[in-house]
1. Mind checking the dipole of segment 263-383: about its Cα centre, +1 per Lys or Arg Cβ, -1 per Asp or Glu Cβ, Debye to the nearest 20?
2. Taking the alpha carbon gyration tensor of segment 133-266, what are the square roots of 5 times its eigenvalues, largest first, to the nearest whole Å?
3. Taking H placed 1.01 Å from N in the peptide plane, check which residues at least 5 places from Lys261 or on another chain put their amide H under 5 Å from its amide H.
4. Expressed as a rounded percentage, what relative contact order does segment 106-369 have, with Cα pairs under 8 Å and six or more residues apart?
5. Under a point-charge model restricted to the Cβ atoms of Lys and Arg (+1) and Asp and Glu (-1), what is the dipole moment magnitude of segment 125-282 relative to its Cα centre, in debye to the nearest 20?
6. Neighbour counts of other C-beta atoms within 10 Å: give me Tyr180, Tyr104, Tyr252, Tyr277 arranged from fewest to most.
7. If I stretch the segment between Glu325 and Asn88 completely, what's the gain in nm (0.36 nm per residue apart, minus their alpha carbon distance), one decimal?
8. On a 29 Å Cα-Cα criterion, which of the cross-link pairs Lys42/Lys357; Lys170/Lys361; Lys256/Lys283; Lys105/Lys283 come out too long?
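Every number in this text was worked out from the coordinates using simple rules, so none of it is lab data. Since this is a predicted model, take the numbers as computed values, not measurements. Cβ sites come from the backbone with ideal geometry, for glycine too, and all protein chains shown count toward neighbours.
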Amino acid sequence: MTTTKKWTFQWKELYDEVITSGLCTGCAGCVIACPHDVIGYKHAPGAYTPFHLEEELGLSDCGHGQKGCASCTRACPRFRDWETEADNHLFARPRNDDEMSGIYKDVLLTRASDNTVHQLGQDGGLVSAILIWCLENNVIDGALTSHLEASESEDITNWKAVPALATDRKSVLAGAGSRYTYSANTLAIKEAREKKLESLALVGMSCQTSIGPVMWHRRVGKAGKPIKLNIGLLCSKSFDDSIFEDLFWAKYGLAKEDMVKMNIKGVFQIWMRNGDYHEINLKECHAWTREGCNHCPDFAAEHADISTGGIGENNDWTLTIVRTELGRQIIMKMLEEGVIEGKPGDSDPGAIALMHKLSAKSRSRWPDWANPQARAGLEVTAG
């Protein structure tokens with residue numbers, strides 16, 4: 001007979017090992033899992049970090065934790081052996097050392113067949129196509145994603161990404177495209193709960209898409225139950241919102257109100273309303289990297305059902321990594337119905353090689369003092 005050791009870790013351990021150590025990505029998993037609503041979150045420049053709200057024990061301890069509540073640490077995708085636990089839940093095994101981009105079934109290049117979805121979406125428009133198809137076919141009844149914060153004029157955006165709930169084609173397309181600043185999309189689950197939605201897709205960067213599998217493995221309770229589909233975005237880092245004022249405007253005179261699209265393809269690409277196009281060296285942007293991204297080891301969103309990203313030789317196709325059986329079923333059905341176009345991933349071998357290279361680079365950022373599994377497979381360097 002085997003016994004399972006009781007999970008007793010609470011906010012105090014999370015605060016010491018993740019929140020204040022530099023490992024916290026701001027994913028807000030702990031926030032949405034807290035049954036007592038005592039973990040706050042400031043979705044603002046220079047913040048994006050959870051904090052304890054109760055005054056009697058200060059920021060570093062929690063009265064509910066002292067009484068046995070452990071929901072916050074159960075939900076954290078950077079606490080202790082998070083990678084192995086998520087791998088075991090999804091794939092029934094940890095990744096091998098040579099699986100730097102995580103465990104997956106298929107790699108394809110895809111793009112939306114619908115011209116509107118393709119044009120409004122980033123690169124091939126795959127994520128928008130998946131969400132629309134899943135909503136229309138009752139696979140999900142809502143999606144946790146992000147929109148741009150409303151501004152005084154409909155024609156002008158301030159490029160501030162905020163969590164949003166999408167429930168139809170219109171609201172999906174309202175959130176299409178990339179921002180490269182951070183949005184804790186998980187926080188949109190509050191609205192989903194209020195609307196009593198039961199089957200949700202989560203669209204997020206790698207740190208966010210590890211929340212569900214970690215929650216399920218550690219049995220956090222009801223918090224992660226509605227998340228049925230996990231769509232991950234390939235991500236090496238995101239930037240603080242202040243980059244718009246402090247770099248793009250201060251140095252280059254590029255007003256965010258005049259920007260219409262952005263992308264990263266070796267450089268930071270910016271398209272302006274007047275038709276101008278600008279490229280900014282990524283090295284100039286590093287100073288605005290969010291603290292939580294500096295140690296993140298997961299470029300390839302290794303715990304998503306489907307991981308997607310616009311790396312490759314052109315902007316018209318999305319590199320698509322199918323990781324789970326659910327992900328495969330959805331992609332195959334969409335291909336069969338002609339909702340998306342697809343071709344083998346090895347038709348652009350450079351994209352796959354780049355994914356593995358960037359995955360290894362991200363893993364090298366994970367600190368030696370943290371759980372070693374995230375660094376497994378990296379070459380040992382002397383000195």
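1. Details: 13 positive and 17 negative charges, 74 e Å.
Rounded to the nearest 20 debye, it is 360 debye.
2. On the way: eigenvalues 174, 60, 30 Å².
In descending order the semi-axes read 29, 17, 12 Å.
3. Trp271
4. 24
5. Values: 19 positive and 18 negative charges, 191 e Å.
It works out to roughly 920 debye.
6. Details: Tyr180 17, Tyr104 21, Tyr252 12, Tyr277 9.
So the residues, fewest neighbours to most, are Tyr277, Tyr252, Tyr180, Tyr104.
7. Details: separation 237, 0.36 × 237 = 85.32 nm, distance 1.48 nm.
Here the segment from Glu325 to Asn88 would lengthen by 83.8 nm.
8. On the way: Lys42/Lys357 33 Å; Lys170/Lys361 37 Å; Lys256/Lys283 20 Å; Lys105/Lys283 34 Å.
Pairs exceeding the cut-off: Lys42/Lys357; Lys170/Lys361; Lys105/Lys283.
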